[in-house]
Amino acid sequence: MLKKMLATTALMFGLAASALANVAPDALVQRLSTEMIDAVKADPAIQAGDVAKVIALVDAKVLPYLNFERMTASAVGRFWRQATPEQKQKLQAEFKLLLVRTYAGALAQVKDQTVQLKPFRAGATDAEVVVRTEVKGKGEPIQLDYRMEKAGDSWKIYDVNVLGIWLVDQYRNSFAQEINAGGIDTLITKLAERNKAAAK
């Protein structure tokens with residue numbers, strides 16, 4: 001389930017940072033998801049799972065619309081407050097690489113998918129919203145929802161729900177087990193080992 005969930009959230013990284021200030025969060029998700037699908041279809045290297053290309057894509061186009069610190073802090077849970085600044089930096093770096101490597105494989109599977117927004121309701125002063133979508137292609141539609149927060153005059157994603165499971169919640173459980181077993185440094189080491197193994 002986690003593997004399918006992570007693969008589907010490749011569309012979360014379908015966010016091209018093209019100066020979209022003052023755009024409603026649902027319109028932002030729709031536009032950027034479409035741009036991502038088009039970008040993948042146009043790039044044979046990404047379709048082939050080129051991790052370096054995916055990392056470059058994420059760094060250049062995704063991070064401005066992703067609150068990665070909040071995402072990592074939420075995944076680490078209560079232990080985040082105990083982490084040193086250096087540990088927080090390492091956790092973010094390894095968690096990011098873990099996700100990007102997963103998406104590198106998932107992006108190769110992007111073919112004819114489209115993203116359809118579900119009805120969106122939010123007040124003009126809401127600082128946090130959920131944008132609900134369905135990914136449609138071959139087979140059954142896949143639920144893909146985004147938790148977003150207002151950041152200045154734009155919006156940022158800090159969690160993703162695939163098939164009824166929030167990404168951060170899923171990782172929080174496994175991260176807590178690692179930290180309880182050996183501390184924050186153990187989690188960092190385990191993430192680094194997984195990333196190195198995936199790079200081979």
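Where residues in segment 60-91 are in contact (Cβ under 8 Å) with a residue 24 or more places away in the chain and charged (D, E, K, R), which of them is nearest to G183 (Cα to Cα)?
K90
Inspect all residues belonging to segment 153-169 and state whether any of them is surrounded by 14 or more Cβ atoms within 10 Å (Cβ to Cβ) and in a helix (DSSP H, G or I).
The answer is yes; a qualifying residue exists.
What's the number of the condition T133 fails, among (1) hydroxyl-bearing (S, T, Y); (2) buried (at least 19 other Cβ atoms within 10 Å of the Cβ); (3) modelled with pLDDT of 85 or more; (4) over 15 Å from Y146 (Cα atoms)?
Among (1) hydroxyl-bearing (S, T, Y); (2) buried (at least 19 other Cβ atoms within 10 Å of the Cβ); (3) modelled with pLDDT of 85 or more; (4) over 15 Å from Y146 (Cα atoms), the lone unmet condition for T133 is (4).
Go through segment 26-44 and count every residue that is assigned to a loop (DSSP other than H, G, I, E, B) and among the hydrophobic types (A, V, I, L, M, F, W, C).
1
The values are calculated or read from the model by the stated rules, or taken from the named source; none is laboratory data. Treat the numbers as computed from the prediction; the structure is a model and nothing was measured. When we count neighbours, we look across all protein chains shown, and the Cβ atoms used for this are built from the backbone with ideal geometry, even at glycine.
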